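Novice: Have a look at the structure that comes next, please.
The values are calculated or read from the model by the stated rules, or taken from the named source; none is laboratory data. Computed from a predicted structure; not experimentally measured. Heads up, the Cβs are rebuilt from the backbone with ideal geometry, glycines too, and the neighbour counts pull from every protein chain shown. These area figures cover heavy atoms from the full protein model, side chains too; ligands, DNA and RNA do not enter into them. Shrake-Rupley method; radii C 1.70, N 1.55, O 1.52, S 1.80 Å.
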Amino acid sequence: MSKIIGVIGGDGIGPEVLTEGLKVLDAAGVELDTVSYDLGGDRYLRDATVLTDAIVQEWRGLDALYLGAVGTPDVPPGVIERGLLLRMRFELDLYVNRRPFHAPDDSFDFEVIRENTEGSYAGEGGFLRKNTPAEIATQGSVNTRFGVERCIRYAFDLARSRPGRHLTLVHKTNVLTFAGDLWQRTFNEVATEYTDVATAYNHVDAACIYFVQDPKSYDVIVTDNLFGDILTDLGGAVSGGIGLAASANLNPDRTGPSMFEPVHGSAPDIVGTGKANPIAAILSAAMMAEFLGEASAASRIREACAEVKNHQGTTTEIGDAIAERV
Ligand code: ATP
């Protein structure tokens, strides 16, 4: 049965790379109906709309969302991030951010599972005496047993499904002693149910060194929202650059659609030039296909991307080359 996908091209190179992703899904035989949503920085500048309740309601009936990139230099920071991306994560309960990292020379292959709805992103905090010399700003980190445990369980299930069967918790338990304690205790308790998965722990600062010096030591990593945000950018940098990095924002319980997007931003500096690499968006489409039960199409797309990753060409030419191979 055909799936219904909400497509949010967004700003800058977002629509350009999604066009290639949809082309490749079609070539791979994934049957999709699409509904387009005009959202992002450009829309906000036009009529001050970031996201409406009606759109969120409509999304709940879809099978998945496919997003290009949102953000334009003229919109103040936070408006689109909080109003669209974070709201989408909270409302659709996209509690797992999953990002695979594969070395260009095949020397490593690991995945990061980032908790996507809590931590420092929950919006806890505020100002006191704003704009006075005695100003105070606080920014809390929210960690619930429920939220931490469901993310850790997802990571254990993923580790169990991979040949490496290894899961590393990354945190900063020696300094963040309350949140870190909850994460470590929950991790240790859940681990007793996954005796076939080997476990390890790294402080986040040490993990940054290993990402660069010994990435092959990792199989699956699970970490909190903020550490995950930073680590996954580093992961992208050591595994071929931002033009290749795919991601999935998952609601593993499937109580609503999950969202798939390339990690890169709207790249206003190259919009319209044909320089945007569509592979990150195409690999995100492969993650979407896999989540929707099209595992064979997903692996054909991944193989085709691996074959063309060193090709020179425009956005459309690279998309065409991948579409031909799938
Ligand atoms: P944002 O705030 O939306 O994240 P940004 O400009 O800070 O935007 P990116 O859009 O990710 O961040 O761009 C960072 C740099 O990487 C830019 O120089 C951009 O041209 C380049 N870049 C991003 N995505 C791609 C891509 N798919 N192909 C080639 N270059 C890219």
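Novice: For F108, enumerate residues with amide H under 5 Å from its amide H, sequence gap 5+ or separate chain, H modeled in the peptide plane.
Specialist: A103
Novice: Output wanted: per-residue J couplings in Hz (rounded whole) for the range 170-180, from phi through Karplus 6.51 cos²θ - 1.76 cosθ + 1.60, θ = phi - 60°, x for Gly and Pro.
Specialist: Values, residue by residue: 10, 7, 9, 5, 7, 10, 8, 6, 8, 4, x Hz.
Novice: Residue-wise, which Karplus ³J(HN,Hα) couplings in Hz belong to the range 234-251, taking 6.51 cos²θ - 1.76 cosθ + 1.60, θ = phi - 60°, and x for glycine or proline?
Specialist: Computed from phi, the couplings for the range 234-251 are 5, x, x, 5, 8, 10, x, x, 5, x, 10, 7, 9, 8, 10, 9, 10, 9 Hz.
Novice: Give me the percent of the accessible area of the range 169-326 that comes from carbon and sulfur atoms, probe 1.4 Å, all protein chains in place. List each step's numbers first, then the result.
Specialist: Values: 3590 of 6790 Å².
Reported share for carbon and sulfur atoms: 53 percent.
Novice: While we're on this one: Taking 45 Å as R0, compute the FRET efficiency from the Cβ-Cβ separation of A103 and A48 and round it to 0.05. Please report the intermediate quantities before stating the final value.
Specialist: Working: r = 44 Å, r/R0 = 0.98.
Efficiency for this residue pair is about 0.55.
Novice: Do any trypsin sites (Lys or Arg not before Pro) in the range 38-116 lie in a loop, going by DSSP, with at most 15 other beta-carbon atoms within 10 Å of their beta carbon, and if so which?
Specialist: Passing both the DSSP loop test and the Cβ count: R60.
Novice: When only the heavy atoms of the protein chains count and the probe is 1.4 Å, how do T232, T132 rank by accessible area, highest first? Please report the intermediate quantities before stating the final value.
Specialist: Numbers: T232 0, T132 60 Å².
From most exposed to least exposed: T132, T232.
Novice: For T177 and I270, calculate 0.36 nm times their separation in residues minus their Cα-Cα distance, and state this gained length in nm to one decimal.
Specialist: Length gained, T177 through I270: 29.1 nm.
Novice: Please compute the per residue accessible area over the chain with all protein chains in place, 1.4 Å probe, rounded to a whole number of Å².
Specialist: On a per-residue basis, the chain sits at 44 Å².
Novice: Taking θ as phi - 60°, what are the ³J(HN,Hα) couplings along the range 65-74 by the Karplus curve (6.51, -1.76, 1.60), each to the nearest whole Hz, with x for Gly and Pro?
Specialist: Computed from phi, the couplings for the range 65-74 are 10, 10, 10, x, 6, 10, x, 10, x, 7 Hz.
Novice: Under a point spin-label approximation (7 Å from Cα along Cα-to-Cβ), what is the I55-A237 distance to one decimal in nm?
Specialist: Distance between the two pseudo-spin positions: 3.2 nm.
Novice: Take S217 and A134, extend 7 Å from each Cα along the Cα→Cβ direction, and tell me the distance between the two endpoints in nm.
Specialist: According to this spin-label approximation, the distance is 4.9 nm.
Novice: Ok, one more. Among the DSSP beta bridges whose two residues both lie in the chain, what percent are antiparallel, rounded to the nearest 5?
Specialist: Within the chain, antiparallel bridges account for around 40 percent of the total.
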